[in-house]
1. I'd like to check something: does the range A:10-30 contain any residue that is over 19 Å from residue B:42 (Cβ atoms) and within 12 Å of chain B (Cβ to nearest Cβ)?
2. Look through the range B:9-26, keep the residues that are under 20 Å from residue B:99 (Cβ atoms) and surrounded by 18 or more Cβ atoms within 10 Å (Cβ to Cβ), and return whichever of them is farthest from the chain's Cα centre (by Cα).
3. Mind checking which residues of the range A:57-96 are more than 19 Å from residue B:36 (Cα to Cα) and at the interface with another protein chain (Cβ under 10 Å from one of its Cβ atoms)?
4. Does residue A:46 satisfy the condition of being modelled with pLDDT under 95 and more than 10 Å from chain B (Cβ to nearest Cβ)?
5. For residue A:101, all conditions in the list (1) under 13 Å from the mean Cα position of the chain (by Cα); (2) crowded, with 19+ Cβ neighbours inside 10 Å hold save one; what is the number of the exception?
6. List the number of the failed condition for residue B:31; all other conditions in (1) farther than 24 Å from residue A:107 by Cα; (2) more than 12 Å from chain A (Cβ to nearest Cβ) hold.
7. Of everything in the range B:37-66 that's closer than 16 Å to residue B:109 by Cα and either surrounded by 14 or more Cβ atoms within 10 Å (Cβ to Cβ) or at pLDDT 95 or above (or both), which residue is farthest from the other protein chains (Cβ to nearest Cβ)?
């Protein structure tokens, strides 16, 4: 079955610690995205990548970093500079950039601060 | 910039009631419009979409029509079920980057 997987489902971060959220897709999609969802709010774009070895900042990139070394993988690192990291993180992908393409979402990772 | 505004929730209905969730958008171009549904603890699933004016998206009894003249994409269902309880997000996607703009979400609870 093709799809997007995110791991772990729950992640706990200690003060000053960097943590990495995994996102893998086997849909052969070109573009991948990371969103943050806070309670009662819509999704906000953190980073996106249109092609391997290239990525762009979204609306709330501060305190986050990404890499895109492989087409199928787009990990997100939440750094210690992100002072309010508690949220639900969603990864998504699309086949191309036509503007008509649906974004397919993974099941999400909930990040909690200890 | 592009944005989406949807009606605030929560919305509570009895089973078999009629549902409308309002959504309006602001965009400089000609976006595609989407409704996504999120069940508790899960990611978003596409419910329906429309890519040009006057298109109607439909799925699982839900419908929405792309109205350019009123910049709206209201979600409707004639008879809701308990299993429709979820959070519904209206979204738009526009060139050049195809990044989605989401509304704040509307929580729907359907009671038996």
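The values are calculated or read from the model by the stated rules, or taken from the named source; none is laboratory data. None of the values given here were measured: they were computed from a predicted structure. A quick note on method: Cβ atoms are made from the backbone with ideal geometry, for glycine too, and the neighbour counts reach across all protein chains shown.
1. yes
2. Quick first cut of the range B:9-26, residues under 20 Å from residue B:99 (Cβ atoms) only: B:23-26.
After this cut, where a residue has to be surrounded by 18 or more Cβ atoms within 10 Å (Cβ to Cβ) as well, the list is B:23, B:25.
Values: B:23: 7, B:25: 11 Å.
Once the filter is applied, the top-ranked residue is B:25.
3. Answer for the range A:57-96, where residues must be more than 19 Å from residue B:36 (Cα to Cα) and at the interface with another protein chain (Cβ under 10 Å from one of its Cβ atoms): A:58, A:59, A:96.
4. Numbers: modelled with pLDDT under 95: no; more than 10 Å from chain B (Cβ to nearest Cβ): yes.
No; evaluated as a whole, the condition is false for this residue.
5. The single condition residue A:101 does not satisfy is (1).
6. Unmet condition: (2).
7. Step one: list which residues in the range B:37-66 are closer than 16 Å to residue B:109 by Cα, which gives B:37-41, B:62.
Filter once more, keeping what is either surrounded by 14 or more Cβ atoms within 10 Å (Cβ to Cβ) or at pLDDT 95 or above (or both): B:37-38, B:62.
On the way: B:37: 11, B:38: 9, B:62: 15 Å.
Out of the qualifying residues, it is B:62.
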